[in-house]
Amino acid sequence: MVLKIDNVTKIYRNGRGIKDVSFEVNEGDIYGLLGPNGSGKTTTMKIITGLSRADKGDVQILGKAVKDGGENSMEQVGCLIEAPAVFEYLSARRNLEIAAAYYPNIKAPRIEDILKQTGLLDYQNDKVREFSLGMKQRLGLGLALLSNPKLVILDEPANGLDIEGMVDIREIILKQAKNNGITFLISSHLAHELEMICNKIAVMKDGSLLATATMEEAMTQGGNLENFFLQTIRSEKEVAQ
Ligand SMILES: Nc1ncnc2c1ncn2[C@@H]1O[C@H](COP(=O)(O)OP(=O)(O)OP(=O)(O)O)[C@@H](O)[C@H]1O
């Protein structure tokens, strides 16, 4: 087990947030968190990565509870949440070098490798402010992968990208999962995007996790992930009525 979320609740002052969210991500999973805007995906990811604190519930990463000093297991986690945290006036390479300085063992060949894997080698000396959204997102993904983490958490990595941009991100994720055994947790409001890469799925709406399923189960039940999502939220409504 790489990640375990147990009954996590966080309610903001305005009464919104997430309630009793539980799910498990195992080694090798590409786990999709599917939900419309405002369903609680970012809040869930912020709590997992320690950017936000839960009111209630537990998060375990690689077997260690985050709140009991398991922050150390965060060294095994890479993340891209909201816009990538990059210095716009510096080059892609410089951004990677600065991030690498936080780790004892990341040397120049690893930076070269990341530039290659994210298709940025030819643009390594260009300033990030001149980058397209897709290039910025690839750099953000490169930064998340830099320390060779076991788990990578990506919040809406395809958001705002054009078709090619989406394909690039998808291919990098699939390659990293296959070649380096990296486990991924990926959020999206686009069912199709997750359907193409994930082996497991959780459906969120209005701060609650409504269902979890393997992609196979979701396909058997819905024919495609969008239908599975619609069926899930409709049956939830019926139960509520
Ligand atoms: N800092 C905050 N203060 C108050 N309410 C918040 C805050 N952050 C999120 N919310 C609310 O909590 C709910 C869940 O938001 P969250 O951003 O986690 O959803 P999301 O699924 O990631 O959506 P999006 O894709 O739009 O980011 C929403 O109703 C949102 O308005």
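Of note:
- Over the chain, Cα pairs under 8 Å with separation of 6+ residues give a relative contact order of 27 percent.
- Exposed GluC sites (Glu not before Pro) absent: longest stretch of the chain, with sites in DSSP loops and at most 16 other Cβ within 10 Å deemed exposed: 89-241
- Segment LEU174-GLU226, length gained on full extension (0.36 nm per residue, minus Cα span): 16.6 nm
- Counted over the stretch 96-193 with a bin width of 5 Å, the fraction of Cα pairs per bin, in whole percents, is 2, 12, 24, 25, 21, 11, 3, 1.
- Here the mean projected area of the convex hull built on the C-alpha positions of the stretch 1-92 is 7.6 nm².
- Protein accessible area in the stretch 1-102, 1.4 Å probe - carbon and sulfur %: 46 percent
- Average accessible area per residue (Å²) across the stretch 1-82 - probe 1.4 Å, nucleic acids and ligands excluded: 51 Å²
- log10 of Debye I(q)/I(0), alpha-carbon scatterers only, for the stretch 44-128 at 0.16, 0.21, 0.27 Å⁻¹: -0.76, -1.02, -1.29
- With every protein chain in place, the stretch 103-165: carbon and sulfur % of accessible area (1.4 Å): 48 percent
- Size of charge dipole - the chain - debye, nearest 20, with Cβ of Lys, Arg +1 and Asp, Glu -1, no other charges: 600 debye
- Whole-number D in µm²/s for the chain (Stokes-Einstein; Kirkwood sum over Cα pairs; 20 °C, 1.002 mPa s): 116 µm²/s
- Of the accessible area of the stretch 171-241, computed with a 1.4 Å probe over protein heavy atoms only, carbon and sulfur atoms account for 47 percent.
- Along the axis of the charge dipole computed for the chain (Cβ charges of +1 for Lys and Arg, -1 for Asp and Glu, origin at the Cα centre), the listed residues GLY57, ASN224, GLY40 are led at the positive end by GLY57.
- Net lengthening on full extension, GLU164/HIS192 (0.36 nm per residue, minus Cα-Cα): 8.6 nm
- Set of lysines near LYS237 by C-alpha distance (under 30 Å), chain-local residues within fewer than 8 positions excluded: LYS4, LYS10, LYS19, LYS41, LYS46, LYS56, LYS200, LYS205
- Annotation note: trypsin sites (Lys or Arg not before Pro) in the stretch 17-86 located in DSSP loop regions with a Cβ neighbour count of at most 10 within 10 Å are ARG53.
- Whole-number accessible area per residue in Å² for the stretch 113-241, which is evaluated in the context of all protein chains at 1.4 Å: 48 Å²
The values are calculated or read from the model by the stated rules, or taken from the named source; none is laboratory data. All values reported here derive from a predicted model rather than from experimental measurement. A quick note on method: Cβ atoms are made from the backbone with ideal geometry, for glycine too, and the neighbour counts reach across all protein chains shown. Side chains included, ligands, DNA and RNA excluded: accessible areas come from the protein's heavy atoms. Shrake-Rupley method; radii C 1.70, N 1.55, O 1.52, S 1.80 Å.
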